[in-house]
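For reference, the structure discussed in these notes is given below.
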Amino acid sequence: MNIRFRAGHVIKRIRMEMAYSQEELCDGICSINSIARIESNKTSPSFEILLALVDRLGVSIEKIIAEVSLEQNRLYIQQRIAMEHHAESNNFVAVKEDLV
């Protein structure tokens, strides 16, 4: 089973709030390229890397999971509203594009 846990945007936001550079955050954990790919949600961190990153940031894994869940719910609601708007205007091409 391939589960994608896209926590990059949350990690980046917390990193920036704490005034860490990418170099400071990833030092001894992963490469700068890896953290850049994680923060842009191009890849998911391994569980070990995720634990090391949240430890360095001083937050709990539960906080990260909760914030990722909230972000996913927010995106779902935004997509649903957009699709309902397109459907009301009978723009079914736009609905199909939103589903992709």
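The values are calculated or read from the model by the stated rules, or taken from the named source; none is laboratory data. Predicted, not measured: the structure shown is a model, and the values here were computed from it. As a convention, Cβ positions derive from the backbone with ideal geometry for all residues, glycine included, and neighbour counts pool all protein chains shown. Keep in mind that these areas ignore ligands, DNA and RNA; they rest on the heavy atoms of the full protein, side chains included. Shrake-Rupley method; radii C 1.70, N 1.55, O 1.52, S 1.80 Å.
For the chain, the per residue solvent-accessible surface stands at 70 Å², with DNA, RNA and ligands left out and a 1.4 Å probe.
Counting only helical runs of four or more DSSP H residues, what would the 222 nm mean residue ellipticity of the chain come to if each run contributes -39,500 (n - 2.57) and the total is spread over all its residues? When only DSSP H runs of four or more count, the value is -21500 deg cm²/dmol.
Once the cut-off is 19 Å, how many percent of the Cα-Cα pairs in the chain end up in the long-distance tail? For the chain, the share of Cα pairs beyond 19 Å comes to 50 percent. The mean sequence separation of alpha-carbon pairs under 8 Å and at least six residues apart, normalised by the residue count of the chain, gives a relative contact order of 27 percent. Ordering of 60-70, 32-42 by packing is 32-42, 60-70, highest average first (other Cβ atoms within 10 Å, averaged per residue). Computed from the C-beta positions of I81 and R6 and an R0 of 22 Å, the FRET efficiency is 0.55 to the nearest 0.05.
Ligands, DNA and RNA left out, the 1.4 Å accessible surface of region 34-76 is 56% carbon and sulfur atoms. A Cβ-based charge dipole, computed about the Cα centre of the chain with Lys and Arg at +1 and Asp and Glu at -1, lands at about 160 debye.
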